[in-house]
Each structure stands twice: as C-alpha cells, then as structure tokens.
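Taken together, the values in this text are just the output of simple stated rules run on the coordinates, not laboratory data. Predicted model, so just to flag it, every value in this text is computed and none were measured. All Cβ positions, glycine included, derive from the backbone under ideal geometry; neighbour counts span all protein chains shown.
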Amino acid sequence: MRGRALLIISFFLLLQFSGRAGEDVRPQEWIEALQAAPHDSIKTRLLLELSQHYRAKEPDKSINYASLALALAENQDNWGDRHRAIIRLLDVYYHLKYDLSKASEVLTAAQAIPPDQLNALQQASIYGYEGKVQLSLNDYARSQEAFFKQMNIYEQLGDREKVALVNFDLGRLKEAQGDYLTAISFYKSALASYRRVGDRYAEVQTLTALGSAYGKLTDYPRNLEYCREALRLGEHLEDAFLLGQVNYYIGYGYARLESPDSALIYFERALCYGESLDNPWLLANTSNELGLLHRGCNTDEVLSYFQLGLTEAIQSGNQLLEKNLYQSLHQYYADLGQHASAYHFLQRLMAANAQLSNEEQSRQLINTQIKYETEKQHQENQLLRARERENAALIQKQRLQNYGLLVGIHLVLILTFLLYQAFRRKKVYNAELELEVKKRTAELHESNAELVATNAQLAKSNGELERFASIASHDLKAPLRNIVSFLGLIKRKLRAPIPTELNDYFRFATDNAQHMQTLIQDILEFSKIDGTDQQQEAVDLNESLLSVVHNLKETMTEKNGSVEIAPLPVIQANKVQVLQLFQNLIGNGLKYNQNKQPSVVIEHKKEARNHLFSIRDNGIGIDPQYHQQVFDMFKRLHHREEYQGTGIGLSICKKIIDQLEGKIWLESQPGRGTTFFFTVPMN
Ligand code: ADP
C-alpha cells in the first residue's frame, strides 16, 4: 500500500517535472499518496491536484482541498503554493459557487502576501479576481482600479492574449455601469486581440457580448450582426452554453425587430440548448421570450412557457428572472381578463420587488461591511509593509555602517602596516647609514692620517729640496762667475779683429751663462721664502712702493711707462718679500706690454676680513687657459728672445702670499691687459 503511494508520488513528481497535469490518476490514488507523502511541500501539491480534480464536479470538495493546501503552504512560508491555493479558491468561489463574500475573504488573504514574494504574473492573476469580485459587488471604482493594474502588468510583459482578456472584463464592467459605448470599444479591442492570437472561443464570446451590448443600446441590427457572426463561428465549437446564449440573443433581436418567425426559430434552438444543459438562466429567459412571442396564440402554450420559465427562474435562485416572469404572467392574465390570477402574480411581483430591494439593500450593507473590512485589512497590510520597509532600510543602513566600519578598520590596518613597513625600512636605512657614516669616518680618519703623514713627508722633502736648491745655487754661483770672467779674459787675449763667427760664440756663451746666473739667483730667492725664520713687521706699503718705482725707473723710462699708486695701508709682513711681490707684478705689467704708453695702476680695497690689492696693466693679456698655470714654477708663455725671464717670478709671488695666508689670482683676456689680485688678511 505504502509502496504504491510512493510510486504515485514519484509519478506525480514526474508529471510536475514534465509540466503535465495528473488527470490520468484517480482521486483515491492521490489520497493514498497524500497519506504517504514524506514532506509538507509534496502534500500541498497533492492537495492542489485533488482540488483541481473536484473543481467542476464537486466544488465544495475542491474548496476543502484547496483550503488545506493553503493552510499547509502558510505554515511552510511557501509563497508559490500559497498563491496557487488562493487562485484555486477564487476560481471555485467566483466561477462555480459565485460566493462573493468568500471570494472577498480569500482576496484579503491574498493581500497579506508581501508583493515582493510574488512575480508579476501571480500579482496580475490576483488583480484579475479582485476586479471580477468587485464588479460583482458593484464596486465599480475598485474593480476598474484592479483591472487597470492587471492590464498594466500584461502590457509590460507584452502578453496580448491576457491584455485582450482584461479588455473583455473592462467591457463587462462598463456594460454593468450602463456605459454601453465604452463597453463596446473595450469589447472591440478584445475582439481584435483574440482574432490576432486566434482564440476562437474567446472571439465567439466577445462577439456575443458585443451583440448583447448593442441590444441594450436598442441597436438591434448590430445586435443581430454580431450575434449571427458569433453563431457562424461558434457552430464548430460545440459549446452548448455559448451557442444557447447566442441563439437567445439572436431571437431577442429578431423579436424586437418584429420578426417573430425568425425569433421563434432561434428561441427554440436556445431552448433546446437550455434543456440539454439544464441551464436555468437560459431556460427561464428563453421560455419568457417564447411566451411573450406566442401571446396571440394558444393560451395553454403561452402559459406553459411562462410556467416553465418561472420554475427555472425559481430554481436558479435568480430573483431578477423570477421578477420578469411574474411581470409577464401578471400582464398576460390581465390581458386575458383573469383578474384573480393577474392579482396573484401582481402580489408576487410586488413581493419580489420588495425582496429585491431588500436584498439590494442588504447586499449593499454587506458590500459596505466587506469594503470596510478589506479597507482595514488593506491599511494594516500597508502599515505592516511600511514597517517592513523601515526595518529593511534600518538593516540596510546598519549594514552600510558596518561596511563603512569594516572598510575603516581595513584602512587603518593597511595604514598601520604601511607605517610599520616604512618605519622598518627607515630603521634599516638608518642603521645602514650609520654603518656607512662610521665606515666613511674611519676612511676619512685614515686618509687624514695619510694626509698628515704625506704633508709631513712633503714638508720634509720640500725643506730638503729648498736646502738643496739653496746650497746648489750658492755653490754654482762662484764657478759660473768664473766662467763669465774667463770668457772675458779669453776674448781680450785674442788679437783683434775677432772673426764674426767667434764673436757670436762668445756672445752666446756669455748670454747663457748670465741667464744661468739669473736663474740661480731666482731659485735662491725662491728658496729663501720660508715662513719659519722670516721676520714679520708692520710694513707701510706706500713707502715700499716708492722703492719699487725707484728700482723700476730705468725700465719705465725705456718703455715710456707710468705707474699709478692709490693710497695703500700698513700691513703685517716681511718687508723684503713685500718689495719682491710688488716689484715682480709691476715689472711684469711693464714688461709684457706692447702699448706705446705702458701703464700700471695699483689699487687697494678693504673687505670684511682682508685687504684686497689689484695691479692692473694695459699689456698683452693672458689667455684664460693659462690663468692658473702661470703661477707654476718655470712656466713661461714666451720665448726668451721675445721676453726675458725665468718663469719663477709669479711662483715667488704665490709663495709670498701663501705665507701671508692670502690668495692670488688674475683676470685677463689676450690684448686687453691683465689685472692681478691678491688678498692679505687683516690682523
Ligand atoms: P718671467 O720671469 O718669465 O716673467 P713670471 O713667473 O714672472 O716669469 O711670469 C710667467 C709668465 O707669465 C711670463 O713668462 C709671461 O708669459 C706671463 N706674464 C706674467 N705677467 C704678465 C703680464 N703682466 N702680462 C702678460 N703676461 C704676463
């Protein structure tokens, strides 16, 4: 037994999976499966299948199963099944039981589902039922609102068939409101859509509705036109109710157009359909019309039609139909002159009218109550949704704050990490730097020590060299003097005239010997400049310069030169060396000068810590590339034949200035004269 049920469940799941309905399964099997179902979600589906199965045959059973399914789905928070159960209940309550109050209750339950739990199609199907139920409750405004919402969804989804369906319902709404023209335009839109999608059944239904609407507008030719077309197309559909309805409306049209024969044919057909279906609405309406049509004929026949109509009207519970038949019977008996019967039906008619108005009133009362309840529920739902939204917003805000906090923490962590890295790098870098500094300092110390040692070595060798130069030049002086004297003696002993060639040799030898004497003299002068045993004193440079000019008098006269001397200070120095310094510089200014009037200008300026002297001439100038080299020993820029000299003069000057801890340099351009500068620190 249980195995079989499980088999059915598997089969059911397979059917669900393949999208087919389980019509092949017997209800008993569904019930067995239901008992064996392991899970509530499967139970819900099985209950919905059972509800579907009993829909047309036993609507109450169908409602029971659907209600159970709804309760189960609510427990599971299963929104999809909850919606399916609701739609099933609405379908049965509205279409089969026509229980508007229950249908309204179900709609209230539907509104409790949060909209975001339903997809657009599910939402639209609920709007559809809301529209239909409100229409039946004569709340046209709400009905229209729901239909428009439904229409909006289908239009957005581009579902033409469904849009046509809503147009049809809106047509019904407008027809109920008595706005037949608008109803017709909705029906026509629906008709066009049904034709496009080829839904023949809906097309026939809409054509019939159009015929009925035109009938209500008393446009009977159009009423007939649409209904006949409906009939032509509907004949193949074999839907007895639809055909019965169409035939009835055609008969109605003909009857109003005073074509009783044609009307009769169609009413009789409608009656046949009504009998085959046992449909009270069709039977009551058609019988009433047939009775009216036969009024001038056989009284029994007329009365039998009216009686049949009345029985069906009573059976259908449709008070309006009942009232119509009382009206017909009252009128007929009155026409026959049977006043008792006429009075009887008049009383019934009045009672029915009273009943109808009472019912209308109580229906309005119920409607108002339902509307109030629904409104209340609606407001509560809205409040709930608003709260949900608030909560969601709060959660979202909290979430955002958390994210912000998280991001902040991450940023701080990253920053800390980066700072730590930087700090570490800096530490390593500092350590390396410290090491490097230590290394460099050690190297510096080492090279300093080397320098000191080298300096000492240099000073020692310089001293030795100077001593050697002094001794050598001193010792060379006497033999050289002898060579010059003996050359003179030899020349005198030779008898005149001395041949020119020999005379040139004598001159050459004497010249060289004399140059050597000068060289030796200069080297001696150079070596004599040694700070250690040089006496320093206050030297008035104005006096020193007078001596210098005096010494150079001959040269000045010879070259037509002049020396201009600005007032000079008194400095601490060695008197002889100062003379030597100025004599060399002024002498060079006059010597290296091709000007017709060679001039030398001596100036002095006081600086913050030094005396600055300048010796400016208007001579031949010196190329900048030699500005340093001229201070080197033996460096000469000219041949002896051009300008006499040994190349020691400026190196002596430099040595003297070095001794005074000053500096010496020059500024010059070839052909633009030369200015020598030197500084002497002030004491
Ligand atoms: P010298 O005994 O040859 O004059 P110095 O040491 O005095 O030796 O000068 C070196 C060289 O510098 C000179 O040979 C000369 O070429 C150049 N010199 C020195 N003073 C001047 C000057 N006032 N104008 C141009 N050239 C000069």
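When a/c reaches 1.5 or more, the comparison of a/b and b/c decides; with that in mind, is region 220-372 rounded, prolate or oblate per its Cα gyration tensor? Oblate, since a/c reaches 1.5 and b/c is not below a/b. Counted by neighbouring Cβ atoms within 10 Å, the residues Glu238, Glu145, Glu322 run from fewest to most as Glu238, Glu145, Glu322. Residues Arg636, Arg195, Arg424, arranged from fewest to most other Cβ atoms within 10 angstrom of their Cβ, appear as Arg424, Arg195, Arg636. Each label point was placed 7 Å from the Cα along the Cα-to-Cβ direction; for Leu257 and Gln117 their separation is 5.6 nm.
Let me test this: with uniform point scatterers at the alpha carbons of the chain, what is the Debye-based log₁₀ I(q)/I(0) at q = 0.05, 0.10, 0.11, 0.12 1/Å? The computed values of log10 I(q)/I(0) come out as -0.51, -1.07, -1.19, -1.33.
Bridgeable lysines around Lys132 (alpha carbons under 27 Å apart, same-chain partners fewer than 8 residues away excluded): Lys57, Lys61, Lys97, Lys102, Lys149, Lys162, Lys174, Lys188, Lys216, Lys323, Lys371, Lys376.
Note on Lys427: lysines with a C-alpha under 28 Å away, same-chain residues under 8 apart excluded, are Lys438, Lys439.
In a reduced charge model with +1 at each Lys and Arg Cβ and -1 at each Asp and Glu Cβ, region 359-528 shows a dipole moment near 540 debye about its Cα centre. The chymotrypsin sites (Phe, Trp or Tyr not before Pro) of region 62-109 meeting both criteria, a DSSP state outside H, G, I, E and B (loop) and at most 14 other C-beta atoms within 10 angstrom of the site's C-beta, are Tyr98.
Among Thr218, Thr555, Thr646, a tally of other beta-carbon atoms within 10 Å of each Cβ gives an order, fewest to most, of Thr218, Thr555, Thr646. Can you tell me which lysines have their Cα less than 25 Å from the Cα of Lys575? Leave out same-chain residues fewer than eight positions away. Cα-Cα hits under 25 Å: Lys528, Lys553, Lys591, Lys605, Lys606, Lys654, Lys655, Lys663. The H on the amide N of Gln572, modeled in the peptide plane, is under 5 Å from the matching H of Val539, each at least 5 residues off or on a different chain. Projecting the Cα atoms of Val437, Ser447, Leu612 onto the dipole axis of the chain, where Lys and Arg carry +1 and Asp and Glu carry -1 at the beta carbon, places Leu612 farthest toward the positive end. Note on region 162-281: the alpha carbon radius of gyration divided by the globular reference 2.2 N^0.38 Å gives 1.01. About its Cα centre, the chain has a charge dipole of approximately 3360 debye under the convention of +1 per Lys or Arg Cβ and -1 per Asp or Glu Cβ, with nothing else charged.
With the charge dipole of the chain set up from +1 on Lys and Arg Cβ and -1 on Asp and Glu Cβ about the Cα centre, the Cα lying farthest toward the positive end among the listed residues Ser287, Ala71, Gly244 is that of Ala71. For region 592-683, GluC sites (Glu not before Pro) are listed when DSSP marks them as loop and at most 14 other Cβ atoms sit within 10 Å of their Cβ; the list is Glu607, Glu641, Glu642, Glu661.
For region 576-641, the list of chymotrypsin sites (Phe, Trp or Tyr not before Pro) that fall in a loop by DSSP and count at most 15 other C-beta atoms within 10 angstrom reads Phe634.
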